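J.: To start, I am sharing the structure in question, which I have written as structure tokens.
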Amino acid sequence: MLRAAVRLNVSTGLVASAAAAGQYTTRCDVVEKPQRRVTPVRELERDVIVLERQVAGEPLKRINLEEMIEDLADPSRKLVMFGEHHDDAKAQDVERSVYDGMARRQRDSRRRVALALEFVDADARRDAESFASGRSNDVAKLFRGEGDTKRYGPLAFLARALGGPIVAANAPRRHARLVAKQGVSALDTISGDDVAKLPPLPYHHTPLSEAYAERLQMVGLRSKNVVAAQCLWDAAMAHSCLDFLKTNTRDAIMLVCGAFHVQHFLGVVDHVEKYTESGGPFEPLDRDEFRVVVCVPMDGPSFLRRSLVDVWDDPS
């Protein structure tokens with residue numbers, strides 16, 4: 001068993017951050033038939049430290065998980081982007097508690113909280129709709145493999161139980177692979193049905209910010225085609241969330257994806273801001289209308305040492 005720190009980034013006004021910590025195993029529990037499983041926030045608080053930043057450049061300051069969930073569930077929030085490390089079971093525990101808290105707080109107003117998943121791509125769009133509506137119980141059809149089903153099946157069941165639509169957020173993996181191997185021009189050859197599963201073409205296939213370009217290089221993504229494939233995923237997830245909000249104006253949506261896609265307000269966030277700028281395909285989205293949450297593991301000794309203070313430097 002490892003100690004882990006889970007960092008939660010939230011934006012209030014301009015930029016804010018938060019961090020949480022608890023225990024996790026590097027492999028998720030085996031779930032033969034995933035059901036909705038939610039750790040009560042009061043119980044989870046014993047394992048979690050939450051920090052936030054209200055102003056860019058300031059240190060992270062300690063709050064509690066309940067306060068963070070209250071902020072995410074505020075009626076003015078339309079989009080919450082939750083980034084995680086996929087082998088971090090504690091992050092997935094936090095995700096379920098956050099989604100549960102957000103959705104339950106909206107029930108009196110009949111405002112739904114949709115669940116958008118990186119791990120459910122547009123090839124599974126009909127399966128996601130069928131599962132969310134209750135016409136199907138086969139949650140495995142939503143995901144790319146058994147591992148994703150075990151990790152995120154419980155979250156999908158939870159969303160359905162709370163009346164939340166499930167959005168197939170990502171571009172099909174086969175199209176990302178096609179771009180990575182042959183380049184963006186290869187998308188010119190796909191069928192009209194497949195084009196409908198992608199963000200509007202041509203999409204922005206180069207990083208929308210210098211900071212994101214630098215981060216891609218730092219992790220070894222230097223090939224023009226591989227970067228274009230990464231940008232396809234970012235654009236697809238941003239467009240899927242905004243398209244849902246355009247059609248369902250009273251509702252909110254929570255995206256769960258890999259941390260790299262949203263960390264430091266880059267990647268998917270870059271595309272959200274591009275799509276919602278003046279003259280774009282979607283209504284402008286104010287910074288106060290969305291939040292970013294990023295979970296970052298931390299080793300046990302570091303967590304125990306840093307849990308003794310109420311103000312942190314940025315842990316990432």
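J.: Sticking with the crude label model, points 7 Å out along Cα→Cβ, report the distance from residue 193 to residue 181 in nm, one decimal please.
T.: Going by the 7 Å Cα→Cβ label model, 2.0 nm.
J.: When only alpha-carbon atoms count, how far does region 65-201 stretch along each of its three principal axes, as whole angstroms with the largest first?
T.: 48, 30, 30
J.: If the chain between residue 111 and residue 46 were fully stretched, how many nm would it gain, using 0.36 nm times the residue separation less the Cα-Cα distance?
T.: Length difference between fully extended and current span is 20.4 nm.
J.: I've got another one for you. What translational diffusion coefficient, in µm²/s and rounded to a whole number, does the Stokes-Einstein relation yield for region 210-265 at 37 °C and a viscosity of 0.692 mPa s, taking the hydrodynamic radius as the Kirkwood radius over Cα pairs?
T.: 258
J.: Which three lengths, in whole Å and largest first, does region 164-308 cover when its Cα atoms are put on their principal axes?
T.: 56, 40, 28
J.: In the P(r) worked out for region 246-300, what percent of Cα pairs fall beyond 13 Å?
T.: In whole percent, the long-distance tail amounts to 67.
J.: Give the calculated FRET efficiency between residue 209 and residue 137 to the nearest 0.05, with a Förster radius of 41 Å applied to their Cβ-Cβ distance.
T.: 0.45
J.: Suppose the chain between residue 58 and residue 225 were pulled fully straight at 0.36 nm per residue; how much longer would it get relative to their current alpha carbon spacing?
T.: 56.4 nm
J.: Calculate, in nm to one decimal, what residue 302 and residue 250 gain on full extension: separation in residues at 0.36 nm each, minus their alpha carbon distance.
T.: 14.5 nm
Every read-out reported here was derived from the displayed coordinates using simple, explicitly stated rules and does not represent laboratory data. Small disclaimer: the values here were computed from a predicted structure and weren't measured. No Cβ is skipped: glycine too gets one built from the backbone with ideal geometry, and neighbour counts run over all protein chains shown.
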